[in-house]
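The values are calculated or read from the model by the stated rules, or taken from the named source; none is laboratory data. Keep in mind it's a predicted model, so treat the numbers as computed, not measured. Glycine gets a Cβ as well: all are built from the backbone with ideal geometry, and neighbour counts include every protein chain shown.
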Amino acid sequence: MAAQALHLVPPTSVAEPLLRARNVTLEYRSEGRVLRATDGVSFDVYRGDRFVLLGPSGCGKSSLLKAAGGFVAPAAGSISVGGELVRGPGPQRMAVFQEFDQLPPWKTVKQNVMFPLLASGRAKRHEAEERALHWIAKVGLDGFADAYPHTLSGGMKQRVAIARALAMEPEVLLMDEPFAALDALTRRKMQEELGRLWEEARFTLLFVTHSIEEALVVGNRILLLSPHPGRVRAEINSHQFDLHSAGGAEFQAASQRIHHLLFGADGAAHEAAPHPAAQGTALTPAAADAETARQA
């Protein structure tokens, strides 16, 4: 039933979050003006989560991801990973962006994947090469290890970027609308491959999108942000959805419900009086799996 397809997250979590954002306000200053991107945003990401930041353009979701990566410092509030405050970029948080030019063009696919391992000192050359080839094969590019980026399609370049990030074995993989510039068929294929990789490696994912359908397909938990400045409107569980359920009645009902929470009068009510989920309480991935089994 549609009422069961989408529900606010109850405060039942007992595990410690891996990534914790507390009352994060992000601001940009330009020519004497202050532009507030987010206002007091709080959420928790647990180990193994596929956590999605969803909202309209300008709500600060990409800014929150950059803050989690250590590229932007909060004007107020804090972000921590593993109990340690994020004070700058680090190999524990690897990012994949929307742009196709994030790969140095003078390096081959293998060299691109090896580079952060060598630059950070996390692996010697032999181990870095082994790990690079492993993840290149995992993303379906084992025949392109010696190819240069200019010979690759957009989807292939994104696969290289994902392989490069996962080879570092980060605590959190950050993805900022990584498939937005791809055509519809390639985007669907990349969503499917990301799901397959997560099933195999169970990494922790923080994912930004403005597509409701992509959020339902990719995430097991979704944080809904209001239009500028971004504030928490609701947090929901979406672990029951995937590409196979897309288009079904339950999926469509969930999509419509999210749209109403974001843009309808109900959404304004949630912004005025956030659910306890806005304070970071959530089902852990294990609890979500148990809930799925119970409903089945």
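Out of LYS157, LYS107, report the one residue that is in a loop (DSSP other than H, G, I, E, B), in contact (Cβ under 8 Å) with a residue 24 or more places away in the chain and outside the structural domain of SER63 (by TED's automatic domain parsing).
LYS107
Output yes when any residue across the range 179-190 is part of a helix (DSSP H, G or I), assigned by TED's automatic domain parsing to the domain that holds PHE51 and either acidic (Asp, Glu) or touching a Cys at 6+ places or on another chain (Cβ under 8 Å) (or both), and no when none is. Can you show your working first?
From the range 179-190, those part of a helix (DSSP H, G or I) are 184-190; that's our starting set.
Going one step further and asking which of them are assigned by TED's automatic domain parsing to the domain that holds PHE51, we end up with 184-190.
Narrowing the set further to residues that are either acidic (Asp, Glu) or touching a Cys at 6+ places or on another chain (Cβ under 8 Å) (or both) leaves none.
So far as the range 179-190 goes, no, none of its residues is part of a helix (DSSP H, G or I), assigned by TED's automatic domain parsing to the domain that holds PHE51 and either acidic (Asp, Glu) or touching a Cys at 6+ places or on another chain (Cβ under 8 Å) (or both).
Out of the strands (runs of 3 or more DSSP E) lying entirely within the range 26-101, which hold 2 or more residues that are surrounded by fewer than 19 Cβ atoms within 10 Å (Cβ to Cβ)? If you could, list the steps in order and put the result at the bottom.
Working: elements: 33-45, 50-54, 76-81, 93-96.
Qualifying strands (runs of 3 or more DSSP E): 33-45, 76-81.
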Item to check | Residues satisfying the stated conditions in the range 191-242, i.e. of a type outside the set (Val, Ile, Thr) and in a strand (DSSP E or B) | outcome: LEU205, LEU206, PHE207, ARG221, LEU223, LEU224, LEU225, GLY230, ARG233, ALA234, GLU235, ASN237
